[in-house]
Amino acid sequence: MSGGVVEIFTTGGTIDKVYFDALSEFQIGPTTLPDILAENNVHAPHRVTQLMRKDSLELTDDDRAAIHDAVANSDAERVLITHGTDTMVQTGRILQDIEGKTIVLTGALQPARIRNSDAEFNVGFAFAAVQALSAGVYVAMNGQIFDPAVTVKDRDAGRFVASSS
């Protein structure tokens, strides 16, 4: 396991959604990452930067370029990105030209503020993975590590799988 700071970039997605009663819908709120890490007694060096608050279906090419630039320009060799699950793989693919860094994307199928969310597990799993994996780009979801180049989200099953193409 390598030392050094883990850079965490948050982009929004379901993991950071909050329920607004007046609107009867979820919207993306402030990132939950600092709270998740503190509540789970994570003391490994890390820093959290909220890049944007967007549902991944609303991310544009300019947004993905901003994520790419933030990762490429970070002085950290280990980068964790929280991201909406619908287009997480697409973002992972555009990061694959960044060399010399371990980049792990994760998210949640339920907002972190909901009791039965997978958010805390996925964040902890991804935080460990980014420290243990070799350089490259990975998706860490629900106890599995995926290569975004050959992975798709199976929306019906609510999970990630190796692509059939």
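Miscellaneous remarks
- If you filter the stretch 94-124 down to residues that are part of a loop (DSSP other than H, G, I, E, B) and among the β-branched types (Val, Ile, Thr), you find that the one that is farthest from residue 84 (Cα to Cα) is 98.
- Count of residues meeting criterion [surrounded by fewer than 18 Cβ atoms within 10 Å (Cβ to Cβ) and outside any loop (DSSP other than H, G, I, E, B)] in the stretch 65-79: 7
- Qualifying residue in the stretch 82-96 (condition: of a type in the set (Asp, Glu) and either under 27 Å from residue 134 (Cβ atoms) or surrounded by 19 or more Cβ atoms within 10 Å (Cβ to Cβ) (or both)): no
Read-outs: derived from the displayed coordinates by stated rules, not from any lab. Just so you know, these numbers come straight off a predicted model, no measurement behind them. FYI the Cβ positions are ideal-geometry reconstructions off the backbone, even for glycines, and counts take in every protein chain you see.
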